[in-house]
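So the structure is just underneath, and the comments pick up after that.
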Amino acid sequence: MMEHAPLILDVAGTALTTDDRRRLAHPLTGGVILFARNWSSRAQLLELTSAIKAVRDDLLICVDHEGGRVQRFRSDGFTHLPPMRTLGAMWMQDGKAGPGSGAMAATNAATAAGYVLASELRACGVDFSFTPVLDLDWPDDAPTPANSLAAPQGGPGSLGRPGASRSGVIGDRAFHADPRVVTLLAKSLVQGLLQAGMAHCGKHFPGHGFVAADSHTDIPVDRRSLKAILQDDAAPYAWLRSTLTSVMPAHVIYPKVDARPAGFSRKWLQDILRGRLGFDGAIFSDDLSMEGARRIDGRLASYTDAAVAALQAGCDLVLLCNQSVGAGRAVDELLDGLAAQQAQGQWQPSQDSESRRVALLPQTLPLAWDDLMFQPAYLQALEMLP
């Protein structure tokens, strides 16, 4: 039977330490997530990713690389990608500059952004990016909805652009306020990612855009009904269920559905995401080091207990970020603790989960950076970016 390697960890700096190598070799480690501190140049990044693959070639090398303010690598030739709201703004110009403007230009630009994003990362040895954001860009003055955003008067794109976003942590990372526009632009972005051989992750299920609190430091609560959430925020997940390769749940509590945050909720992950919406790809937990990530049933859980709760709820993979710096005790505690919980029968490895992890690894060889710079598809994509 295939081993299950559910943990996605980080590494301390721009080169692997002895501790990094030991943790990456652990059988419960399934991948690495990189941050800006792991970057100094393209040559260094390629050296780092090569060193990670030398430890284990099946490790999934991930990064949060969305464009806009969430883009870890920004210098030494990396294209500065626009925030996704820019694509939503292009959509809103539909028909105002002749045929092919507006919506068509926005979907083409989204595909181009996905292709550039994935091609540049893959040329440096990165396998996977946590994108696209599927959260809705709810305006700050939006009331708790009695009526659905999914059926605005005038059709898709008629909502206009809100002056300010309700969620500061999402904000311009979101494509638009209309779930139909979000879906079509995300699908276009994903097409570009897949053309360059990169899997991806829709986030944050079932939706983070309606709550103002930041789950990095707080525990957001969204008090809307399941019906309201499904017809608005969660609609892109239903429409993209055969497109998305993975999903990340929000560290948000939706008390009318479950008392637990979505990432620890069997109801959200098993009954709704897998059962009702029919999603069969990988499910990642969000970062367990976040404040909202370890508040379970009113108490602050240990990293190990939080990881087990996420796996038991239906996550295939769990992330622990920014804990390898310094002595990295939290990383070792999680590795040792999860192994002990497995030995005690508190958590059982899943062959299906491991198959979903492996399916996220690239199936094609990347182009080297110097070759990419002359590739017609890449050059055309650069010209199509807003």
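The values are calculated or read from the model by the stated rules, or taken from the named source; none is laboratory data. For clarity, every value in this text was computed on a predicted model and none was experimentally measured. Neighbour counts run over all protein chains shown; Cβ positions are idealised from the backbone, glycine included. Accessible surface areas use protein heavy atoms only, side chains included; no ligands, DNA or RNA. Shrake-Rupley method; radii C 1.70, N 1.55, O 1.52, S 1.80 Å.
What are the membrane-span-like helices in the chain by this rule: whole DSSP H runs, Cα extent along the axis at least 18 Å, mean Kyte-Doolittle hydropathy at least 0.0?
Working: long enough: 42-55 (20 Å, 0.61); 103-123 (30 Å, 0.69); 179-195 (24 Å, 0.85); 329-343 (21 Å, 0.03).
Both cut-offs are met by 42-55, 103-123, 179-195, 329-343.
Note on segment 1-150: percent of Cα-Cα distances in each 10 Å bin, starting at 0 and stopping at the bin with the largest distance, equals 10, 32, 26, 18, 11, 2.
Of LEU136, LEU226, LEU193, the residue with the greatest mean-square motion in the GNM of the chain, using alpha carbon springs below 10 Å, is LEU226. Approximating the spin labels as points 7 Å out from Cα along Cα→Cβ, the LEU365-to-ALA15 distance works out to 2.8 nm. Using all pairs of distinct alpha-carbon atoms, the Kirkwood hydrodynamic radius of segment 293-371 works out to 14.8 angstrom. Taking every protein chain into account, the accessible area of the chain amounts to 38 square angstrom per residue (probe 1.4 Å). For the chain, the residue among ALA340, PHE130, MET92 whose Cα projects farthest onto the positive side of the dipole built from Cβ charges is MET92. Neighbours of GLU354 by Cβ distance under 11 Å: Lys/Arg scored +1, Asp/Glu scored -1, total -2. Ligands, DNA and RNA left out, the accessible area of the chain computed with a 1.4 Å probe is 51% carbon and sulfur. For the chain, adding -39500 (n - 2.57) for each run of n ≥ 4 DSSP H residues and dividing by the number of residues yields -9500 deg cm²/dmol at 222 nm. Relative to the Cα centre, the charge distribution of the chain, modelled as +1 at Lys and Arg Cβ and -1 at Asp and Glu Cβ, gives a dipole magnitude of about 620 debye. Size of the chain from its Cα atoms: along the principal axes, largest to smallest, the extents are 60, 53, 36 Å.
Rg/Rh for segment 25-67 to two decimals, with Rh computed the Kirkwood way over all alpha-carbon pairs. Walk me through the numbers before you get to the answer.
Working: Rg = 10.9 Å, Rh = 11.1 Å.
Rg/Rh for segment 25-67 comes to 0.98.
Taking amide hydrogens as placed 1.01 Å from N in the peptide plane, the amide H of SER165 sits under 5 Å from those of ASP140, each at least 5 positions away in sequence or on another chain.
When the Gaussian network model of the chain links Cα atoms closer than 10 Å, the mean-square fluctuations of ARG356, ARG69, ARG294 top out at ARG69.
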